[in-house]
Amino acid sequence: MHELSLAMNIVEIVTEEADKIGRCAVKRIDLEIGSHSGVVMEALTFAMDEAIKGTPLAEAKINYHWVEAVAACQECCQEFKPTEFDHICPHCNSMQTYLIHGKELKVKSVELKEL
Ligand SMILES: [Zn+2]
């Protein structure tokens, strides 16, 4: 399952950060997930709940920030909302477009507390 390995990866990164500081637990983490990142939100929240067990993140409040995709057109320079499969510019029908937002999949911030 894609989301489970992602969740374990997130836990690993955050645990490493927490270990650097010493005896502390993670109070809160903020995750950013883009609508075009390929992640299924329900699967990720489920996977995170599993992955944090027995780690410094076990008691953490996890905030999931959903980032809607935004694309831009190289031909007419206008921005638009792409659908999942269709990245054609609605203004000039160009296929020369690229995503500005939507691929995000990252830990935005972490709040630690001392034990
Ligand atoms: Zn265009």
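When the accessible area of the chain is computed with all protein chains present and a 1.4 Å probe, what percentage of it is carbon and sulfur?
After summing per-atom areas, the C and S share lands at 52 percent.
Quick one: which residues, 5 or more positions from residue 27 or on another chain, have an amide H under 5 Å from its amide H? H modelled 1.01 Å from N in the peptide plane, none for Pro or chain starts.
111, 112, 113
With every protein chain kept in the model, how would you rank 114, 32, 84, 17 by accessible area, 1.4 Å probe, largest at the top?
From most exposed to least exposed: 114, 84, 17, 32.
Probe radius 1.4 Å, ligands and nucleic acids left out: which of 95, 41, 8, 48 has the largest accessible area, and how do the rest follow?
Highest to lowest solvent-accessible surface, that is 95, 8, 41, 48.
For a quick size check, give me the Cα extents of the chain along its three principal axes, largest first, whole Å.
Projected onto the principal axes, the Cα atoms of the chain cover 57, 26, 17 Å.
How much accessible surface area, in Å² rounded to 10, belongs to the heavy atoms of residue 46 with a 1.4 Å probe?
It works out to around 130 Å².
Grab the other residues whose beta carbon is less than 15 angstrom from that of residue 88, score K and R as +1, D and E as -1, and report the net.
After counting each charged neighbour, the total is -3.
Work out from phi, with θ = phi - 60° and the Karplus expression 6.51 cos²θ - 1.76 cosθ + 1.60, the ³J(HN,Hα) of each residue of the stretch 77-82, listed in order in whole Hz, and give x for Gly and Pro.
With coefficients 6.51, -1.76 and 1.60, one gets 6, 8, 9, 7, 8, x Hz.
For residue 106 and residue 8, FRET efficiency with R0 = 22 Å and r from the beta-carbon atoms, rounded to 0.05?
Once the sixth-power term is evaluated, E becomes 0.90.
Restrict the search to the stretch 1-105; then list the trypsin sites (Lys or Arg not before Pro) that DSSP places in a loop and that have at most 15 other Cβ atoms within 10 Å of their Cβ.
When the trypsin sites (Lys or Arg not before Pro) of the stretch 1-105 are filtered for loop state and at most 15 Cβ neighbours within 10 Å, 23, 53, 103 remain.
Work out from phi, with θ = phi - 60° and the Karplus expression 6.51 cos²θ - 1.76 cosθ + 1.60, the ³J(HN,Hα) of each residue of the stretch 11-23, listed in order in whole Hz, and give x for Gly and Pro.
Here the 3J(HN,Hα) series is 4, 4, 4, 5, 4, 4, 4, 5, 5, 4, 7, x, 6 Hz.
Give, in nm to one decimal, the length gained when the segment between residue 19 and residue 93 is fully stretched (0.36 nm per residue of separation minus the Cα-Cα distance).
My answer for the length gained is 21.6 nm.
Need one value: the accessible area of residue 91 in square angstrom, 1.4 angstrom probe, rounded to the nearest 10.
It works out to around 100 Å².
Among all lysine pairs in the stretch 2-114 that are eight or more places apart or on different chains, how many have alpha carbons less than 28 angstrom apart?
For the stretch 2-114, qualifying lysine pairs total 23.
What do you reckon, how do 98, 64 stack up by accessible area (1.4 Å probe), largest on top?
Result, largest first: 98, 64.
Quick one: check the C-alpha center-to-center distance for the stretch 63-115 versus the stretch 1-26, whole angstrom.
Using only Cα atoms, the two centres lie 25 Å from each other.
In square angstrom, rounded to the nearest 10, how much accessible surface does residue 31 have for a 1.4 Å probe?
Roughly 0 Å² of residue 31 is accessible to a 1.4 Å probe.
The values are calculated or read from the model by the stated rules, or taken from the named source; none is laboratory data. The structure presented is a predicted model; accordingly, all values stated were derived computationally and were not measured. Neighbour counts are summed over all protein chains in view; Cβ atoms, including those assigned to glycine, are modelled from backbone coordinates with ideal geometry. These accessible areas exclude ligands, DNA and RNA; they are computed on the full protein's heavy atoms, side chains included. Shrake-Rupley method; radii C 1.70, N 1.55, O 1.52, S 1.80 Å.
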